[in-house]
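Shown next, in structure tokens, is the structure this report addresses.
The values are calculated or read from the model by the stated rules, or taken from the named source; none is laboratory data. Keep in mind that what you see is a predicted model, and the values were worked out from it rather than measured. So basically every Cβ, Gly included, is an ideal-geometry build from the backbone, and we count neighbours across all protein chains shown. Each accessible area value is taken on the protein alone, full model and side chains, heavy atoms only, with ligands, DNA and RNA left out. Shrake-Rupley method; radii C 1.70, N 1.55, O 1.52, S 1.80 Å.
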Amino acid sequence: LPAGSYSVDVDGDDAPAGSGLSTANDPHTVTLAAGAAHDTSDFGFTGAGSLGDRLWLDLDGDGAQEAGEPGLVGVGLTLIWEGPDSAFGTPDDVTYATVTGADGAYSFAGLPAGAFSLAVDTADLPAGLTPSHDLDGPGTPSITAISLAPGGSRDDADFGYQGAGSIGDRVWLDFDGDGAQDAGEPGLGNITIT
């Protein structure tokens, strides 16, 4: 190029579908001296997709989020994008991380199109919980395979957990009032326990 002033502009129409410019230098002016080289006219693009939802304590263990079931706060999630080569486990994979906030909600933004693997850091969960809901089923507990269309948004990547403990025994008619279950003291049915 001869010496002079140039306007450098990137054609956003040529960018990958569902992405947007992430740098604020478009267009920009470059003044080039005779014989000079300018190699800092860079342009960054980021994905326009998003995904997220909620981790919650599934009090009744039915796998459905219901009113009054609390969110699990402070739980880490790792999202891995397969990268431009569309294959997991290769050097171009991209990893994102976040932590659930208020009411167990989380989200990832600025995502490219493609396949992702989303994993819950189970070490952050309260002790004694087991999975009750996972978007892609129970085959890979606490890990979900999910994909995004260009610029797509998914808000269905939720995880439910239920307690694994139990409490119970017997309600009985204590004939002799000694507070101990003795042989022959009958059980009492239809008693509500809270």
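Scanning region 80-100 for residues that are within 12 Å of the chain's Cα centre (by Cα) and either of a type in the set (Phe, Trp, Tyr) or within 13 Å of Asp158 (Cα to Cα) (or both) yields Tyr96, Thr100.
Every listed requirement among (1) farther than 21 Å from Pro150 by Cβ; (2) assigned to a strand (DSSP E or B); (3) more than 10 Å from the chain's Cα centre (by Cα) is met by Gly68 save one, (2).
Gly187 meets each of the listed conditions (1) open to solvent by 70 Å² or more (accessible area, probe 1.4 Å); (2) farther than 30 Å from Thr78 by Cα apart from (1).
Residue by residue, here is whether (1) touching a strand residue (DSSP E or B) at 6+ places or on another chain (Cβ under 6 Å); (2) among the charged types (D, E, K, R); (3) over 30 Å from Ala113 (Cβ atoms) holds:
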residue: Val8; (1), (2), (3): yes, no, no
residue: Asp11; (1), (2), (3): no, yes, no
residue: Ala17; (1), (2), (3): no, no, no
residue: Ala24; (1), (2), (3): no, no, no
residue: Val30; (1), (2), (3): yes, no, yes
residue: Gly35; (1), (2), (3): no, no, yes
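Applying the criterion of being touching a residue at least 60 places away in the same chain (Cβ under 8 Å) and of a type in the set (A, V, I, L, M) to the residues of region 15-73, the residue that is most open to solvent (accessible area, probe 1.4 Å) is Leu59. Residues of region 76-93 that are open to solvent by less than 50 Å² (accessible area, probe 1.4 Å) and not acidic (Asp, Glu): Gly76, Leu77, Leu79, Trp81, Gly83, Ala87, Thr90.
Selection of region 99-128 for residues being closer than 20 Å to Gly74 by Cβ and crowded, with 19+ Cβ neighbours inside 10 Å yields Thr100, Gly104, Tyr106, Phe108, Leu118, Val120, Leu125.
Give region 134-162 a look and list any residue that's touching a residue at least 40 places away in the same chain (Cβ under 8 Å), of a type outside the set (A, V, I, L, M) and open to solvent by 50 Å² or more (accessible area, probe 1.4 Å), or say none.
Pro150, Ser153, Arg154, Asp155, Asp156, Gln162 - these are the residues of region 134-162 that are touching a residue at least 40 places away in the same chain (Cβ under 8 Å), of a type outside the set (A, V, I, L, M) and open to solvent by 50 Å² or more (accessible area, probe 1.4 Å).
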